[in-house]
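Notes for the one structure printed next.
Just so it is clear, none of the values below were taken in a lab; they were calculated from the coordinates. Note that the structure is predicted; figures quoted are calculated from it, not measured. Ideal geometry is used to build each Cβ from the backbone, glycine not excepted, and the neighbour counts take in all protein chains shown.
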Amino acid sequence: MAKDSKLILDPLTDNNPITIQVLGICSALAITAELEASIVMSISVLFVMGIGNVVISLMRNIIPSKIRIIAQLIVVATLVIIVDQVLKAYAYELSKTLGAFVGLIITNCIIMGRFEAFALGNGPWRSFLDGIGNALGYAIILIIVGFFRELLGSGTLLGIEILGDPVAKTGLYAYGYENNGFMLLSPMALIVVGIIIWVQRSRNKALIED
């Protein structure tokens, strides 16, 4: 039971796929300008990793080693197509916002890495937990980054005004929140991720490389 719980908990902290393994950085930089997009991408990866790990685990004894990468790509591509079609059917505007990054889930190093490193050598239940744990680790970073970028960049969260109306000037006076457009640029996502990594290593010295 303890081993099973570690599959969920480790990727959330000391083995996070983004801050420790430095995987899945592209989407963390590209789609976190809005919290809603971060949440939807997180849910999408959660679905693909959880189901994908189980499918690969079930097929692990019948997949010829020479074509295992092709088989893994077929599985993840099928799941991503399902996600893409659901988004287009029920959240079309958000689907356009995410654009090509939904399709690029197929090449997400976290997913392919867990297929190769874990699902091919473990049973369906443990593979499912591993997929969910790593997807949650990925999700928590995306949501934190999306939270701060939208809040400080637009003054909103999920499109709802939080920090007041955009600044309005009347003579010598100004009121409201002046949006910091710099926070919406991709480099700021990298800086926010860097701050998270710094905080994480400050709390756990064992994570600091020699």
For this session: Only residues that are over 10 Å from Ala139 (Cα atoms), out of contact with any Lys or Arg (no Cβ under 7 Å at 6 or more places or on another chain) and of a type outside the set (Gly, Ala, Ser): list them for the range 18-32, please.
Result: Thr19, Ile20, Gln21, Val22, Leu23, Ile25, Cys26, Leu29, Ile31
Seminar exercise, completed: Taking the range 28-45 and the residues there that are closer than 24 Å to Ala71 by Cα and of a type in the set (S, T, N, Q), the one that is surrounded by the fewest Cβ atoms within 10 Å (Cβ to Cβ) would be Ser42
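Does at least one position in the range 46-59 carry a residue that is surrounded by fewer than 17 Cβ atoms within 10 Å (Cβ to Cβ) and closer than 25 Å to Leu152 by Cα?
The answer is no; no qualifying residue exists.
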Exercise. Where in the range 10-122 are there helices (runs of 4 or more DSSP H), lying wholly inside it, with at least 1 residues that are free of Cβ contacts under 8 Å to residues at least 40 places away in the same chain?
Worked result: 35-59, 68-90, 92-98, 100-103, 109-117
Exercise. Out of curiosity, is Ser57 over 19 Å from the mean Cα position of the chain (by Cα) and small (Gly, Ala, Ser)?
Worked result: yes
Problem set entry | the range 147-163: number of residues that are farther than 20 Å from Met41 by Cα and outside any helix (DSSP H, G or I) | 4
Exercise. Just one of the numbered conditions (1) more than 30 Å from Leu151 (Cβ to Cβ); (2) crowded, with 17+ Cβ neighbours inside 10 Å is not true of Ser65; which one?
Worked result: (2)
